[in-house]
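First up is the structure itself, then whatever we jot down about it.
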Amino acid sequence: MIRITVKAWTRECGSWLAGLVVALLLIGTDAVVAKDTPIISGRDIFHPVFARHGMVSTQEVTATGIGVDILKKGGNAVDAAVAVGFALAVTLPRAGNIGGGGFMMVHIAASGKTVAIDYREMAPAGATGKMYLDSQGNVDKQRARFSYLSVGVPGTVAGMALALEKYGTMSLAEVMAPAIFLARNGITVTSQTAGALHRRQKRLSKHPATARIFLHSDGTALAAGEQLVQADLAESLTQIAEQGPDAFYRGEIARKIAASMSANGGLITMDDLKNYTAVERAPVHGSYRGYDIYSMPPPSSGGVHLIQLLNILEDYPIAFLGHNTADTIHLMTEAMKLAYADRSHYLGDPDFWKVPVAGLTSKAYAAKLREKISLRYATPSKSIKPGDPLPHESNETTHYSIMDSAGNVVSNTYTLNFSFGTGIVAAGTGILLNNEMDDFSAKPGVPNAFGLVGGEANAIEAHKRPLSSMTPTIVFRDGKASFATGSPGGSRIITTTLQLIMNVVDHEMNISAATAASRIHHQWLPDKLRVEAGISGDTLDLLSTMGHNIQIGNVMGSTQTVMRFDQGFFGAADPRRVGARAQGY
Ligand code: DON
């Protein structure tokens, strides 16, 4: 009641600060003082998993177990992460991969170093700006998304190998052994994989090398409970384990990928594979209410806009306004529109385009953007344009997070882009190939599969990496890694990760409750506020009155989160995708 009165009063006089002062006087300070570590509160329905020595949270239960086994054997978080990365390529074939790419954030406790490993796909040498335009100059979606031309040069094998070599302690053969075993001996098809195969049956059936693996001889998809044996994939993985990444980029696998490409109108050549490099980059860094945020820099837009959003929102009393209230959702939505408008203009591969990272992530720019936000009304997207930060300084992905007893942390998001990517397996390799090229802006202003628009910064060029939204993130408190998180979900990855962090920091939820809470998303264009079920009808009414165009849609994202605290570790797997599991030891 007090809260409602204060909020009404706040709205009347239009001053958040004054409202906050009155609130403090009325209800005392206890209610608004943040606790140091959000642990378990009596008000939460969902509770995280607890363990003493280490924690792994992934979207697939067998892969989680493999990560935990590596930790138990004395491997560090990076060893476990590489083992999980290869395992998911077998056990979660719609998203786990060696034919795609991604990003890995690594924190090494002993040195205090936090790095971002970029193993995003690269455009082949033959790629050109207009390669997806038809004779009328329109984007040919089939060519951009489902053809051999959609495939970017895969980065996963190079990225995993780089991480292991620099920061792991075990050999490739050791960490890859479980994946090879499962590919060779088969796994039981889960109901989720069966569902995904069924939904993509038509796409998969077009490619004989794919159909042989995932479909019956009559063309129907493998069903739940049946065995999925991936013999060619087992052979490819064995070659990588024995010969290192050269097997993929220069050896037999490379020859098979290049042969598949030239036989089917694709562009990737042996040279493209040989020239692929994974790169270690400096993470983007920001702060939010006493926490330090380290996240993925370009060619992902994730880290930049996560920090930009947190900067904009930091000045509002979010905890006081309440979780998923109309006021909070309104402010988050308005901030999201501004950030995604900037994304469309400024973000691209930093090796090709100067991204004003410092400007976009500065508190001063956030303050300028805040001036554009009305506290009462939704700003129509059409009246929002990309802002003016300081000048340039010189539908199926999967995320997992791991912490070990030494305090090392990995936060990894990787993808084939769509479920099963292009649906194309390079003949004889068992490797599903990505359709990441669709993440480029095929034509200025024409949305990609996730409705995202872009321009020159993200135009297609040979050897360039398409802009991503993947946001693997590590959050620190007092210099120590506190929690790691990230999500799949295309354009919704950034806002999903944002909400997980705000739920923990602002709303003092434990990571499990923070994961389960209903999510919202706005990406500037289209001008729609998408919400999950579970937000009160009254709240949605209030938001409509403010001018928001609300769309209740499917669930968004699948965060996999781990958190360290004095007594051990918490893990939270997202209940939105069945089969996800957090487990420690
Ligand atoms: O890199 C990106 O932003 C997209 N390729 C991610 C795609 C994705 O998350 C699809 N799944 N849920």
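The values are calculated or read from the model by the stated rules, or taken from the named source; none is laboratory data. Just so it is clear, the model here is predicted, and its values are computed rather than measured. All Cβ positions, even for glycine, are placed from backbone atoms using ideal geometry, and neighbour counts span all protein chains on display. SASA here: full protein model, heavy atoms, side chains in, ligands and nucleic acids out. Shrake-Rupley method; radii C 1.70, N 1.55, O 1.52, S 1.80 Å.
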Residues that are at pLDDT 95 or above, away from the ligand (no atom under 16 Å from the Cβ), aliphatic (A, V, I, L, M) and in a loop (DSSP other than H, G, I, E, B), drawn from region 431-467
Ala462
Suppose we filter region 173-205 for residues that are part of a helix (DSSP H, G or I) and open to solvent by 30 Å² or more (accessible area, probe 1.4 Å); how many remain?
15
When you check Ile493 against the structure, is it within 16 Å of the ligand (Cβ to nearest atom), assigned to a helix (DSSP H, G or I) and open to solvent by less than 10 Å² (accessible area, probe 1.4 Å), yes or no?
yes
What number of residues within region 202-239 are among the β-branched types (Val, Ile, Thr) and touching a Lys or Arg at 6+ places or on another chain (Cβ under 7 Å)?
0
Would you tally the residues in region 519-542 being crowded, with 18+ Cβ neighbours inside 10 Å and within 29 Å of Phe483 (Cβ to Cβ)?
12
Flagged in region 515-554 as of a type in the set (Gly, Ala, Ser) and more than 18 Å from Leu331 (Cβ to Cβ), in numbering order, are Ala516, Ala533, Gly534, Gly537, Gly553
Pairing a residue in region 412-430 that is within 17 Å of Leu228 (Cβ to Cβ) and within 16 Å of the ligand (Cβ to nearest atom) with any residue that is of a type in the set (Lys, Arg) and open to solvent by 10 Å² or more (accessible area, probe 1.4 Å), where Cβ atoms lie under 6 Å and the two sit 6 or more apart in sequence or on different chains, gives Ser419/Arg94; Ser419/Arg200; Phe420/Arg94; Phe420/Arg200; Gly423/Arg203
Given (1) open to solvent by 10 Å² or more (accessible area, probe 1.4 Å); (2) aliphatic (A, V, I, L, M); (3) over 21 Å from the mean Cα position of the chain (by Cα), where does Leu331 come up short, assuming only one miss?
(1)
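Can you tell me which residue is nearest to the ligand (Cβ to nearest atom) among those in region 468-482 that are on the phi < 0 side of the Ramachandran plot, part of a loop (DSSP other than H, G, I, E, B) and of a type outside the set (Gly, Ala, Ser)? Outline the logic, then answer.
Applying the first criterion (on the phi < 0 side of the Ramachandran plot) to region 468-482 yields 468-477, 480-482.
So of that shortlist, the ones also part of a loop (DSSP other than H, G, I, E, B) come out as 469-472.
Next, only the ones that are of a type outside the set (Gly, Ala, Ser) stay: 470-472.
Numbers: Met470: 5, Thr471: 9, Pro472: 11 Å.
Per the stated criteria, the residue is Met470.
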